[in-house]
Amino acid sequence: MPALAAVRAANAAFSPAYFPVAVFVGGTSGIGRACAEAFARYTQGNAHIIIVGRNKSAADEIIASFPKPTKPEAKHEFVSCDVFLMRNIEATTTSLRERLPKINFLVLSPGLANLRGRDETVEGIDKRLGLHYYARWKFVYDLLPLIREAKDAGEDAKVMSILGAAYGGPISLDNLGLKKSYSTSRSGLVTPTYTDLMFEHHARENPDLAFIHINPGAVATPIMKSNHWVSRQFIALRNALSTAPEDCAEYMLYALFQTERGFSRRNQRGDDIGNLRYFSFDKMEPVWEHSREEIDRALAVKIDGA
């Protein structure tokens, strides 16, 4: 468990010989925002940084705070995408594939915190499951060719999902997607397991790429503030016991920079936790096929006005 000062020193040593391209999905708030800001700082703005999310005003504020680059090819941009819908993600990833030569770092951190029951989008996917898993599956699957391009050029090629490594649970093949039996707690258990299995599948097919599933721990982000059921006292207590987003981001980037290849699971301090609480390895292929079929089904849904 490295000390924060050691982590910052290691991150400050990041100085790639290539020009980096980094995509931060969910980068307008919380951990994702802090990661994008730290990445810009450590690259001194000399990178192509893409923030994907819904809040343009927040993105504009974040980008304005980035260090001014000295390299003419540097670019900092916001891509608007409501990642609740798979068709929005497909439009975004199609555009990125058409105009980007590569992606070195893909960081996924969109999140949702409420106590609602199953709450489906117009595509028929539960919003919590969608943000925490299916959206990530879609981004990784669609953008993998660009990540592959970075590796084939001899550069870093890494994917990170900031979610809940070691905080998953067993899954049932009879209830994939929690269509038969749903609860908030069950959703919180299956999405980390689904993520493990997704990354394991990708790593088997691309052993030279890095796929990192990391648990950020308790972080004082704004995610709770939008929920009327959470009291101010609870938020104050939680924040007092939580890591600041900027400190969390240091550990996230540390894990991102230090991981070389393969699938790894890491804790909130960036330590590799191996197979700690790794569930349902034997169900990797059924979950993969379910995920692809569920997303294809969502994309096929006809939406009025679309």
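The values are calculated or read from the model by the stated rules, or taken from the named source; none is laboratory data. None of these values were measured; they are calculated from a predicted model. So basically every Cβ, Gly included, is an ideal-geometry build from the backbone, and we count neighbours across all protein chains shown. All accessible areas refer to the heavy atoms of the entire protein, side chains included, with ligands and DNA or RNA removed. Shrake-Rupley method; radii C 1.70, N 1.55, O 1.52, S 1.80 Å.
Values as computed for the structure displayed
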quantity: FRET efficiency estimate (nearest 0.05) - Cβ-Cβ, D304 to K56, R0 30 angstrom; calculated: 0.75
quantity: Accessible area of the stretch 120-203 divided out per residue, in Å², using a probe of 1.4 angstrom; calculated: 31
quantity: Segments 4-10, 208-214 sorted - mean Cβ within 10 Å per residue, highest first; calculated: 208-214, 4-10
quantity: Highest-first arrangement of 124-132, 32-40, 197-205, where packing means the average Cβ count within 10 Å; calculated: 32-40, 124-132, 197-205
quantity: The chain: relative contact order as a whole-number percent, Cα under 8 Å and 6+ apart; calculated: 20
quantity: Ratio Rg/Rh [Cα only; Rh per Kirkwood] for the stretch 159-216; calculated: 1.02
quantity: Cα lying deepest toward the dipole's positive end in the chain, options S181, I295, V79, charges on Cβ; calculated: S181
quantity: Most mobile of T28, T193, T243 in a GNM of the chain (Cα contacts under 10 Å); calculated: T243
quantity: Cα pair distances of the stretch 4-298 binned at 5 Å [whole percent]; calculated: 1, 5, 12, 17, 20, 18, 14, 8, 3, 1, 0
quantity: Cβ-based net charge around G117, under 14 Å, with every Lys or Arg adding one and every Asp or Glu removing one; calculated: +4
quantity: Rounded percent of accessible protein surface that carbon and sulfur make up, the stretch 1-137, 1.4 Å probe; calculated: 53
quantity: Solvent-accessible surface (1.4 angstrom probe) belonging to K68, in square angstrom, nearest 10; calculated: 150
quantity: Residue with peak Gaussian network fluctuation, the chain [Cα springs, cutoff 10 Å], from V122, V190, V21; calculated: V122
quantity: Accessible area, probe 1.4 Å, largest first, for residues E285, E260, E123, E98; calculated: E98, E260, E285, E123
quantity: Fraction of beta bridges assigned by DSSP in the stretch 13-127 that are antiparallel (%, nearest 5); calculated: 5
quantity: Distance between the stretch 99-118 and the stretch 135-156 - C-alpha centres, whole angstrom; calculated: 14
quantity: K68/R99 FRET efficiency (R0 25 Å; Cβ-Cβ; nearest 0.05); calculated: 0.60
